[in-house]
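A short write-up of the structure that comes next.
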Ligand SMILES: [Zn+2]
């Protein structure tokens with residue numbers, strides 16, 4: 001029943017903009033940092049994930065990130081990522097805004113993508129501005145505990161937003177623009193707890209758009225959604241894509 005409602009909403013309320021969080025990538029084996037079993041339950045984010053921790057001891061932070069990079073590098077897009085790329089291809093999804101840094105939307109074929117928390121695609125030098133791609137960072141990590149800038153030698157910083165850092169200005173501005181223009185915001189796999197991203201659905205609602213939420217567990221905006229589906233991202237998005245192509 002709720003899938004039918006979601007299908008109707010996507011069909012009737014265009015453009016539809018999708019906002020994804022960690023729940024889209026858990027089926028690819030990438031742990032949700034904030035869950036009870038997540039990484040921040042075992043590692044203190046203050047020690048490993050703030051810009052201050054990084055500036056104080058970049059090698060220690062890379063010791064932590066390096067292990068994650070291997071998990072992220074080995075992960076493959078799942079059915080949810082693929083269904084979203086297919087929905088975009090067929091004109092049902094205008095753009096995807098993601099809190100994820102894992103590149104899986106891009107690898108699944110999503111083209112209109114806004115990564116509001118950055119991405120592991122590159123790392124940068126805070127001194128000379130050199131930008132180093134993921135594969136080279138992985139190579140550098142094979143020989144050293146932390147990747148040094150090929151130009152000046154300073155330890156590189158992954159281009160993901162750390163706690164205590166501002167979000168990339170251009171990305172958040174674009175996300176906000178998309179949210180205001182959307183007639184439907186479809187939230188998938190986000191608990192909508194991290195601001196300012198969690199405020200994007202409010203921008204859609206404020207401009208008269210609708211809200212749909214697919215997430216395991218509740219979110220603070222469930223009461224304002226036209227439909228909420230408490231289920232996995234992969235199965236739901238696949239069913240949605242199939243329904244919109246008349247395969248059900
Ligand atoms: Zn440098």
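The values are calculated or read from the model by the stated rules, or taken from the named source; none is laboratory data. The shown structure was predicted, so the numbers you read here are calculated from the model rather than taken from an experiment. All Cβ positions, even for glycine, are placed from backbone atoms using ideal geometry, and neighbour counts span all protein chains on display.
Restricting 102, 135, 127, 159 to those that are within 29 Å of residue 86 (Cβ to Cβ) and within 16 Å of the ligand (Cβ to nearest atom) reduces the list to 159. Among the conditions (1) surrounded by fewer than 21 Cβ atoms within 10 Å (Cβ to Cβ); (2) at pLDDT 95 or above; (3) touching a strand residue (DSSP E or B) at 6+ places or on another chain (Cβ under 6 Å), residue 163 misses just one, which is (2). Listed by first and then second residue, the pairs with beta-carbon distance under 9 Å, at least 6 apart or on different chains, first residue in region 109-136 and closer than 16 Å to residue 58 by Cβ and without any contact (Cβ under 8 Å) to a residue 40 or more places away in the chain, second assigned to a loop (DSSP other than H, G, I, E, B) and more than 13 Å from the ligand (Cβ to nearest atom), form an empty list. Scanning region 147-160 for residues that are in contact with a strand residue (DSSP E or B) (Cβ under 7 Å, 6 or more places away or on another chain) and without any contact (Cβ under 8 Å) to a residue 12 or more places away in the chain turns up just one, 148. Against the conditions (1) in contact with a strand residue (DSSP E or B) (Cβ under 7 Å, 6 or more places away or on another chain); (2) within 16 Å of the ligand (Cβ to nearest atom), residue 144 satisfies every one except (1). Residues considered: 239, 198, 212, 243. Of these, the only one that is in contact with a strand residue (DSSP E or B) (Cβ under 6 Å, 6 or more places away or on another chain) and surrounded by 15 or more Cβ atoms within 10 Å (Cβ to Cβ) is 212.
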